Amino acid sequence: LGAGIIDIVLYHHFRATLPSLAKAEFKSNSRSGQKLLEGCRILKHLLSMLPEGNVTVETIGNNEMDVKLSASRELVKQLCQGEVLNKLKSMIEKALTKSGGVVALGEEDISVVELTGGGCRIPMIQDAIRDVIGKAEDFVFSRSLDDTSLALGAAMIPYSIEAHTVDAEREETRTKLLETEVALAEKDEQLRRKDEIRNQIESHILELRSARHSSAHSSLLPKTDEFNSFLDGTDDWLFSDECEEASVEQMIEKWTQIQGRTQEFCGDYLAA
């Protein structure tokens, strides 16, 4: 927790309560706004050593007046109650809830609490943390990490998000490639099956033509024009666009039809 959040709380408090800071052109990013924020920072440091403090900021009020900033530790605590302390407690409670809660963990299971950031040096911040985790006032926090740990952690968060995004994109790409690979494998199998059926039909027709001259039962084969047309027509179909574009199911249906016609024409030859 950075201590700068206390500066901002004091800044808004003085802007709302000091009439001398009510000029319309007073903006947070102006020179006067930056001087007020610096005054709040100095006042915060004074309150870390004293119960009350005063700081004078020159020429930031109406008509270039000097403005006196006064506050006490109790006032700062009241101002930070909603904006800082309650939000801090809520954040810690959410973290504990994800871990099963203080009851589930057991207070004795929380042996070390690591604090980092200037704001965690403030007693009221430490009291708020002890209250949430159920620790007594004598519970000592660890401060083994320096403030550079915050910068390192902040740098790691977007890296982690980016890595997660890259992993998700890689997984999506991998899934698409696998789907494409499966689709190509199925297509290859379809083409293999089609070639197998086409070869069966072509071998069948070639066998019938050859049987006219080499078979001992060639006399049983028909010599009609209709049979010749059947053989020629089947050959033509094998090299047609219709055959090329046919599905495996259509090829199987065609092969079944050819076998049926062959049985009609050459029943006696096949039975011999």
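The table below gives the values:
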| item | result |
| --- | --- |
| FRET efficiency estimate (nearest 0.05) - Cβ-Cβ, Lys176 to Glu226, R0 45 angstrom | 0.25 |
| Heavy atoms of Lys176: accessible area, 1.4 Å probe, square angstrom to 10 | 120 Å² |
| GNM top mover of Asp232, Asp138, Asp66 - the chain, alpha-carbon springs below 10 Å | Asp232 |
| Helix-only CD estimate at 222 nm, as mean residue ellipticity for the chain, using -39500 (n - 2.57) per DSSP H run (n ≥ 4) | -22000 deg cm²/dmol |
| Helix 248-271 vs. the chain, principal-axis angle (Cα, 0 to 90°, nearest 10) | 20 degrees |
| Proximal lysines relative to Lys27, as straight alpha-carbon distance under 24 Å, when same-chain residues fewer than 8 apart are discounted | Lys35, Lys44, Lys68 |
| Cβ crowding within 10 Å averaged over residues, with 248-258, 178-188 ranked highest first | 248-258, 178-188 |
| Cα-projected label distance for Asn199 with Glu253, points at 7 Å along beta-carbon direction, nm | 2.5 nm |
| Highest-MSF residue in the chain out of Asn228, Asn63, Asn86 [GNM, Cα springs under 10 Å] | Asn228 |
| Cα-based Lys pair tally, region 160-272, threshold under 28 Å, eight or more apart or on separate chains | 5 |
| Net lengthening on full extension, Ala271/Val112 (0.36 nm per residue, minus Cα-Cα) | 47.8 nm |
| Answer label for log10 I(q)/I(0) by the Debye sum over Cα atoms at q = 0.07, 0.09, 0.10, 0.11 Å⁻¹ (calculated), chosen among (1) -0.54, -0.67, -0.76, -0.86; (2) -0.27, -0.44, -0.55, -0.66; (3) -0.37, -0.60, -0.72, -0.84 | (1) |
| Mean accessible surface per residue for the chain, computed with a 1.4 Å probe while every protein chain stays in place, in Å² | 65 Å² |
| Fraction of accessible area attributable to carbon and sulfur, the chain (%, probe 1.4 Å) | 54 percent |
| Cα-based reach from Lys98 at 21 Å (exclusive), listing lysines while leaving out same-chain residues under 8 positions away | Lys87, Lys89, Lys135 |
| Base-10 log of normalised Debye intensity for region 177-272 (one unit scatterer per alpha-carbon) at q = 0.18 Å⁻¹ | -0.84 |
| Highest-fluctuation residue, Cys80, Cys120, Cys243 considered, GNM on the chain with Cα pairs under 10 Å | Cys243 |
| Backbone N within region 235-251 under 15 Å of label point (7 Å from Glu189 Cα along the Cβ vector) | 248-249 |
| Distance between modelled label sites at Met49 and Glu242, nm, 7 Å Cα→Cβ extension | 10.4 nm |
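The values are calculated or read from the model by the stated rules, or taken from the named source; none is laboratory data. Since we're looking at a predicted model, the values are computed, not measured. Quick reminder, even Gly has a Cβ in these numbers, built from the backbone with ideal geometry, and neighbours come from all protein chains shown. SASA here: full protein model, heavy atoms, side chains in, ligands and nucleic acids out. Shrake-Rupley method; radii C 1.70, N 1.55, O 1.52, S 1.80 Å.
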